Amino acid sequence: MFISLRELELHEVEFSQEFRPQVIDFGPDIRQQTPLKASGRAELIEERRGRKSAIEDIRVVGDFSTRIEVRCARCLEPVARDLANEFDLLYRPLGADAGPDERSVQRADTEISYYQGEGLQLEDVLREQVLLAVPLKLVCREQCRGICPRCGQNLNAGQCSCSEPVSDNRWAALKDLREKLKS
């Protein structure tokens, strides 16, 4: 769904959309399992900059919900999670904040995104919001034992056949020093 500046100049735009899995690309690590439901509204906000200058910002307020599947950070098995979140976003025309001089970024500036052209795609807004809502490291369960670093066996499914622990060569110099100190 395209949120057009021309339409926003006339009235605020309300949306209630449902996106089937694979309509929005979340990358290779995230698989959408249920439809992504989103609803909200978009409005045009005119920001005055001086007496003659004004910038047309787009404010998008709404919420979304879906179910995703990612890989467990320890054992790499699929993990399904429900995601739901609310958002209140501000989009400014690309280049509106550019100036000839450098300036420091204020905290309020970090909350602003930019659009280019005659509006923005709702799908792009939702892609960003879903990706921000996914936890960085998701585990299938708190007691997940992960995989064997030597053979790759999922240790939750059973013990591997590796008999001796894997030694880390980075500690070899300290092991030699320890042997010298003992003698």
Revision key, fill the gap. Checked the range 17-55 for anything under 20 Å from Glu123 (Cβ atoms), assigned to a strand (DSSP E or B) and open to solvent by 100 Å² or more (accessible area, probe 1.4 Å); matches are Glu18, Arg31, Lys37
Exercise for review: Kindly indicate the residue of the range 160-177 that is open to solvent by less than 100 Å² (accessible area, probe 1.4 Å), modelled with pLDDT of 80 or more and in a loop (DSSP other than H, G, I, E, B) and also farthest from Ile147 (Cα to Cα) among those meeting that condition.
Suggested key: Cys162
Revision key, fill the gap. From the option list Arg141, Arg150, Arg127, single residue qualifying as in contact with a Cys (Cβ under 7 Å, 6 or more places away or on another chain), surrounded by 11 or more Cβ atoms within 10 Å (Cβ to Cβ) and either in contact (Cβ under 8 Å) with a residue 12 or more places away in the chain or outside any strand (DSSP E or B) (or both) is Arg150
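The values are calculated or read from the model by the stated rules, or taken from the named source; none is laboratory data. All values reported here derive from a predicted model rather than from experimental measurement. Positions of Cβ are generated from backbone atoms using ideal geometry, with glycine treated the same way; all protein chains shown enter the neighbour counts. Side chains are part of the model used for accessible areas, which takes the heavy atoms of the whole protein and leaves out ligands, DNA and RNA. Shrake-Rupley method; radii C 1.70, N 1.55, O 1.52, S 1.80 Å.
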